[in-house]
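K.L.:
One structure is given below, represented as structure tokens, and several questions about it will come after.
Bear in mind that the values in this text are calculations on the coordinates, not laboratory data. All figures in this text were calculated on a predicted structure; none of them were measured in a lab. Reconstructed Cβ throughout: ideal geometry from the backbone, glycine too, with neighbour counts over all protein chains shown.
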Amino acid sequence: MIPRIKSVEPMENYVLHVVFDDGKSILYDMNEDIDTLPGYDALKSIYGLFNQVQLDESRTCVFWNEDIDLPSDMIFEYGKVLLEV
């Protein structure tokens, strides 16, 4: 089952704070993605873009534009858990 996101908030230093429907609160560091994935460097090079993160309608993906997105299962698996319910 794909984890569904309840909320997403951009933090300092290109970190996302993501809360899932099951109550898990996770910090996901975007820096490695920005440094290694094609096109993701725009999150640093375009002023203010990182702070424009949005949640898609299915709540299984966060995105910034049509080229930059991140699936919820990746955040769930590789993020740092702050609160586990």
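K.L.:
How many residues does the range 14-62 contain that are within 20 Å of residue 77 (Cα to Cα) and either in contact with a Cys (Cβ under 7 Å, 6 or more places away or on another chain) or not in a loop (DSSP other than H, G, I, E, B) (or both)? Write out each step before concluding.
P.N.:
Keep residues of the range 14-62 that are within 20 Å of residue 77 (Cα to Cα), which gives 14-37, 40, 53-56, 58-62.
Adding the requirement that they be either in contact with a Cys (Cβ under 7 Å, 6 or more places away or on another chain) or not in a loop (DSSP other than H, G, I, E, B) (or both) leaves 14-20, 25-29, 31-36, 54-55, 61-62.
Counting residues in the range 14-62 that are within 20 Å of residue 77 (Cα to Cα) and either in contact with a Cys (Cβ under 7 Å, 6 or more places away or on another chain) or not in a loop (DSSP other than H, G, I, E, B) (or both) gives 22.
K.L.:
Follow-up question, since we're still on this one. Filter the range 59-73 for residues that are touching a residue at least 12 places away in the same chain (Cβ under 8 Å) and over 9 Å from the mean Cα position of the chain (by Cα); which is surrounded by the fewest Cβ atoms within 10 Å (Cβ to Cβ)?
P.N.:
Checking each candidate, the answer is 67.
K.L.:
State whether one or more residues within the range 48-56 are in contact with a helix residue (DSSP H, G or I) (Cβ under 6 Å, 6 or more places away or on another chain) and surrounded by 13 or more Cβ atoms within 10 Å (Cβ to Cβ).
P.N.:
Let us first name the residues in the range 48-56 that are in contact with a helix residue (DSSP H, G or I) (Cβ under 6 Å, 6 or more places away or on another chain), namely 49-50.
Next, only the ones that are surrounded by 13 or more Cβ atoms within 10 Å (Cβ to Cβ) stay: 49-50.
Within the range 48-56, one or more residues are in contact with a helix residue (DSSP H, G or I) (Cβ under 6 Å, 6 or more places away or on another chain) and surrounded by 13 or more Cβ atoms within 10 Å (Cβ to Cβ).
K.L.:
Quick one: how many residues across the range 22-57 are without any contact (Cβ under 8 Å) to a residue 24 or more places away in the chain and hydroxyl-bearing (Ser, Thr, Tyr)?
P.N.:
Residues meeting the conditions: 3.
K.L.:
Something else about it: Those residues that are over 11 Å from the mean Cα position of the chain (by Cα) and of a type in the set (D, E, K, R), I need them from the range 1-39; list them, please.
P.N.:
4, 6, 12, 21, 22, 24, 32, 35
K.L.:
Identify the single condition in (1) in a loop (DSSP other than H, G, I, E, B); (2) surrounded by fewer than 13 Cβ atoms within 10 Å (Cβ to Cβ) that residue 81 does not satisfy, given that it satisfies every other one.
P.N.:
(1)
K.L.:
Still on this structure: Among the residues of the range 63-78, which ones are of a type outside the set (A, V, I, L, M) and part of a loop (DSSP other than H, G, I, E, B)? Give the steps one after another, and end with the answer.
P.N.:
Let us first name the residues in the range 63-78 that are of a type outside the set (A, V, I, L, M), namely 63-67, 69, 71-73, 76-78.
Listed by number, the residues that qualify are 64, 65, 66, 67.
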